[in-house]
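Have a look at the structure below before the remarks.
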Amino acid sequence: MKKNNIITLNQFISDQQNQFPFVKGSLSKIFRDIQLAAKMINRDVRKAGLIDVLGNFGETNIQGEEQKKLDVISNDVFLKLMDFGGDCVCVVSEENDDIHWCPNGADAKYILAIDPLDGSSNIDVNASIGSIFSIYKRLSPDKPVSKEDILQKGTAQVAAGYVIYGTATMLVYTTGNGVNGFTLDDSIQEFCLSHPDIKTPETGTIFSLNEGNLNEFPQGVIDYIAWCKESNKEEQRPYSARYIGSLIADFHRNLLKGGIYLYPSTAKAPNGKLRLLYECNPMAFLVEQAGGKATNGSIRIMEIEPTDLHQRSPIIIGSNNMVNKVIEMLG
Ligand code: P6P
């Protein structure tokens, strides 16, 4: 796209306010704070090797995963900005066992679910990592927040997106009216529209999963991977295997080029590894808005009724035709 003029994320959101009234007020202020968090995390990620934020924090999170220093720093940035902004009543974070209640947010309308820094095993080796966010509206602002407000299905999301700290830093989001991507222009420290109205190809030639677990996958997935590797010139098979071990990096490449990402159930992760509230649901919202599909193998990811803050789900997500092929082979 030839860029005649720069459209910043703030300008884009204020333009959207005219078209979509609900994006007014506190939701756009939450986006402002997410942008600021992204810029602050980007700063630390870019200097990680120089300011002693690599390595382990020395504790593990509820997932039993060793917390990297940047995980904790990123989480603190999001929580502090949401506390200061007062537009969220609470935050569900991968890094916090329990709900983080925002002190100034008692009357706020929105709930934020985040994975503040996903792919953290890649931090020390300079591979792309990212932040994921999902935003819900509380169901009854005139009553105290209940479990029902927090554990809403993915279909109830009012917004979702991610920031990828890659060769460029990009913020990709949806409010249910398509998907748009903004690239951080370091010279002016603004996210500028670079990928308007992203649509993911109906089919692709990339499959992304950890084949080390292949023998533990459901038979339909094993059959699908074998099918991807068969020679069929007409259908451009064998497909290409691309897996970085960082959901956002794998998802972002497949979103733009076409492809499929799978994290099925395994012996070690009988419910899959990815968390429903702040990984599966936001990515499912984005991919559907871009014309793709996301399932747990049986039902649409966004139809899963959550029962726990940190529950996991198997996920098969990406180009529509590719996800449908896996569903067909799962029988
Ligand atoms: P495995 C990172 O920890 C993550 O949650 C995703 O970003 C990534 O796709 C996946 O786990 C990698 O998991 O088991 O293949 O190392």
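Numbers for the structure displayed
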| read-out | value |
| --- | --- |
| Qualifying positions in the stretch 171-192 - assigned to a loop (DSSP other than H, G, I, E, B) and either on the phi > 0 side of the Ramachandran plot or of a type in the set (Asp, Glu) (or both) | GLY176, GLY178, ASP186, GLN189 |
| Any hit, the stretch 140-157, residues being within 16 Å of the ligand (Cβ to nearest atom), modelled with pLDDT of 95 or more and either in the same structural domain as LEU274 (by TED's automatic domain parsing) or touching a helix residue (DSSP H, G or I) at 6+ places or on another chain (Cβ under 7 Å) (or both) | no |
| Filter result for ILE198 (surrounded by 16 or more Cβ atoms within 10 Å (Cβ to Cβ) and in contact with a Lys or Arg (Cβ under 6 Å, 6 or more places away or on another chain)) | no |
| Cβ-Cβ under 6 Å pairs, at least 6 apart or on other chains, the stretch 105-122 side touching a residue at least 24 places away in the same chain (Cβ under 8 Å), far side within 12 Å of the ligand (Cβ to nearest atom) and in a helix (DSSP H, G or I) | ALA113/TYR278; ILE114/TYR278; ASP115/TYR278; ASP115/GLU279; LEU117/ASP71; ASP118/LEU247; ASP118/ILE248; SER120/ASP71 |
| Any chance THR205 is buried (at least 17 other Cβ atoms within 10 Å of the Cβ) and under 30 Å from ASP15 (Cα atoms) | no |
| Answer residue from the stretch 288-331, given it is under 17 Å from the mean Cα position of the chain (by Cα) and at positive phi and is surrounded by the fewest Cβ atoms within 10 Å (Cβ to Cβ) among those | GLY291 |
| Some residue of the stretch 169-181 being within 13 Å of the ligand (Cβ to nearest atom) and closer than 24 Å to VAL125 by Cα | no |
| Boolean, LYS80 is in contact with a Gly (Cβ under 8 Å, 6 or more places away or on another chain) and of a type in the set (Lys, Arg) | no |
| Every residue from the stretch 111-137 that is surrounded by fewer than 21 Cβ atoms within 10 Å (Cβ to Cβ) and away from the ligand (no atom under 16 Å from the Cβ) | LYS137 |
| Counted residues, the stretch 193-248 - those being within 12 Å of the ligand (Cβ to nearest atom) and outside any loop (DSSP other than H, G, I, E, B) | 8 |
| Selection from the stretch 189-223 of residues that are under 20 Å from the mean Cα position of the chain (by Cα) and not aliphatic (A, V, I, L, M) | PHE191, CYS192, SER194, HIS195, PRO196, ASP197, LYS199, THR200, PRO201, PHE207, SER208, ASN210 |
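The values are calculated or read from the model by the stated rules, or taken from the named source; none is laboratory data. Please read all numbers here as calculations on a predicted model, not as lab measurements. Here Cβ is always computed from backbone atoms with ideal geometry, including for glycine, and neighbour counts include all displayed protein chains.
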